[in-house]
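The block underneath contains the structure these notes are about, expressed in structure tokens.
Please treat every number below as a calculation from the coordinates, not as lab data. Just so it is clear, the model here is predicted, and its values are computed rather than measured. Neighbour counts run over all protein chains shown; Cβ positions are idealised from the backbone, glycine included.
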Amino acid sequence: MARKRKSTPGPYVLYLELLREQIPDVTQFPFNLPAVRGLTTLAFHPSVTFLVGENGAGKSTIMEAVAVAYGLNPEGGSRNFNFASRESHSPLDEYVRLAKAPALAVDSYFLRAESFYNVASEIERLGVGDGYGEKALHELSHGESFFALFENRFRDHGLYFMDEPEAALSPKRQLHFLGLLHDYVRRGAQFIIATHSPIIMAYPNSLIYMLDDRGIRETAYEDTEHYLTTRGFLSNPQRSMSVIFDEEADG
């Protein structure tokens, strides 16, 4: 009888490998995305890995592939969720391999902001809402339901995939999220997060990958477009808006 692995602090996944030789047509989506086209392996930080970039760069596509390859539902939830309100996920997960560490995560979850309403409905249907706090998720605001998940459902020594967790959070709530993130990291959790938030991606114990027309590469926080654009705007909002409005008028 095989011995069960004991749960220990992460990391739980080490890297993703693209099985390029198995791809039937590299000119088709999602294999034609620059971030995927140049991908061979993608190493994950033991604590927090960020995927950042413009809309359409492939963050959610890669995040989805990693989560599904780990055995989670494409629309979100834990391993116990197996539903689809609309079959729309890409086939990328069929052409990647995850290298897993000897440590075993005691819990895993995929938060996908755009489909969390569907996950909340499935939680209600299954009658498992007790693990998410005292109130039903549909009785909370979008942001409150996110925090009910963060605060009540996540566990020590867990592996968590998050696609745009900032979508329903105010800047103050995003700062609160950083505190929760740090607490879970100290308790042995590993996170892989796709985000647009310059607040969330500021978390120091992390690795940031930038996805753009040049592909996918590691970058420093201060070199991300999110940081540079936000800093430039906040340093002089009037000047920034004047430039934007002038460009709109010229267009």
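Brief remarks follow.
- The stretch between V106 and E21, if pulled fully straight at 0.36 nm per residue, gains 27.3 nm over its current Cα-Cα span.
- Residue-wise HN-Hα couplings along the range 169-179, as the Karplus relation 6.51 cos²θ - 1.76 cosθ + 1.60 with θ = phi - 60° gives them from phi, are 10, 5, x, 5, 5, 5, 5, 4, 4, 4, x Hz; Gly and Pro carry x.
- Sorting 13-19, 212-218 by average packing, meaning the other beta carbons within 10 Å per residue, from highest down gives 13-19, 212-218.
- Note on A99/E151: beta-carbon distance plugged into 1/(1 + (r/R0)^6) with R0 of 22 Å gives a FRET efficiency of 0.10.
- Burial ranking of peptide ranges 227-234, 98-105, 154-161 (average Cβ count within 10 Å, highest at the top): 154-161, 98-105, 227-234
- Positive-end ranking of I193, F154, Y209 along the dipole of the range 145-225, with charges on Cβ about the Cα centre, is headed by F154.
- If the chain linking D246 and A168 were pulled fully straight, counting 0.36 nm for each residue of separation and taking away their Cα-Cα distance, it would gain 25.0 nm.
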